[in-house]
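Each value in this text was obtained by applying a stated rule to the coordinates, not by laboratory testing. Everything numeric here is computed off the predicted structure, so don't read it as measured data. Cβ placement follows ideal geometry from the backbone for every residue including glycine, while neighbour counts extend to all protein chains displayed.
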């Protein structure tokens, strides 16, 4: 801690590797590709760790594509998702040879075809269908209902596939479906899969062959006492339904979520008649999930403090917002200067961080066995306005 300062993200290389391999090995000999969802944690060291063991990647921007390539990943192992792909992004993806575009609208299909024609090439596509399945998760991370912005209505998909099938510059490869994030039950996945397989049968009847099913990500992790999904049983249930067709999965949180912690230091203790506040140096700009989603993260002391003040503490940060908190009502024995670990912070922690209140973004460290390395330097004050002019 002293060497790297605080606040700080710390990741476990072995946990990242083991979590990805749990998905990969569960498929056995069934054709598959496990594409890590880069948006969960896009640090180059994380991506390099996964590239070395054979991971594919689910990307949603040109920036994520370039991160993957820089980290040693292969474009041919990337699926390009996201609802607003620009002409530049599509062009770059075609130039480097991405595995497939997950198409989210009729307008996007037209744009991809136009770019592919201008490059005199074929664009590999998969259409993301919205099966209108309730994932029973937080509304901000639900993606499979008609009210969500993602994908096309499953009932409208056939006409888009017919259009793509007839184009000289589009190559129909797969069918994509993603219903949400932090799911802790298998049944919504399988309900969506049943609808997807019905559509595959209809397409086959029209001579449109689907060579892979991209079933997205969304497998939840344990933040508190949630019951989580048995990965082996989940994948076996998928294989039982799909026959020999290739499966692509896009786990993100399940790979890195519990492989990372956020370390923060207690700056002050403040108590009144109603509340006990531990004012820490970490804030909502560093770890947004509690403020944004009202998300729960366990908080553990780095070292036990028998001489601290025992209370039910709200962990609040320096940001000038009442909503700036990392945790509420945690029974801890604390003293000024203590370090705390906010657990399960490896996913959607640093990637959602910002410079709000002109706070430099924090450092990131990777631990491997008894070795530890700085994998992102802490930003400086100068970094905050280095690209600004007056």
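Roughly what angle does helix 157-166 make with the longest principal axis of the chain, taking Cα atoms, 0 to 90 degrees, to the nearest 10? In the chain, helix 157-166 runs at an angle near 60 degrees to the longest axis. Between the beta carbons of residue 187 and residue 273, assuming R0 = 30 Å, the FRET efficiency works out to 0.05 to the nearest 0.05.
Normalised by the number of residues in region 258-384, the mean separation of alpha-carbon contacts (under 8 Å, six or more apart) gives a relative contact order of 29 percent. For region 181-300, the Kirkwood radius over C-alpha pairs fed into Stokes-Einstein at 10 °C and 1.306 mPa s yields D = 89 µm² per second. Across the chain, Cα pairs under 8 Å and at least six residues apart give a relative contact order of 19 percent.
Beta bridges assigned by DSSP with both partners in the chain are antiparallel in approximately 45 percent of cases.
Mean residue ellipticity at 222 nm, helices only, the chain: -8000 deg cm²/dmol; runs of at least 4 DSSP H residues each add -39,500 (n - 2.57), and the sum is divided by the number of residues. Between 0 and 90 degrees, rounded to the nearest ten: what's the tilt of helix 106-118 against the longest Cα principal axis of the chain? The answer is roughly 70 degrees. Fewest neighbouring Cβ atoms within 10 Å first, the residues 34, 263, 152 line up as 152, 263, 34.
Residues 381, 247, 179, ranked from the fewest to the most other C-beta atoms within 10 Å, line up as 381, 247, 179. The separation of region 3-18 from region 53-131, counted between C-alpha centres, amounts to 30 Å.
Between residue 96 and residue 228, the contour length at 0.36 nm per residue exceeds the alpha carbon distance by 43.8 nm.
Taking only Cα atoms, what is the 0 to 90° angle, nearest 10, from helix 87-96's long axis to the longest principal axis of the chain? Approximately 80 degrees, to the nearest ten.
Taking label positions 7 Å along the Cα-Cβ direction at both residue 298 and residue 209, the computed distance is 4.9 nm, reported to one decimal. Put in line by how crowded their Cβ is, counting other Cβ atoms within 10 Å and starting with the fewest, 325, 390, 350, 262 read 390, 325, 350, 262.
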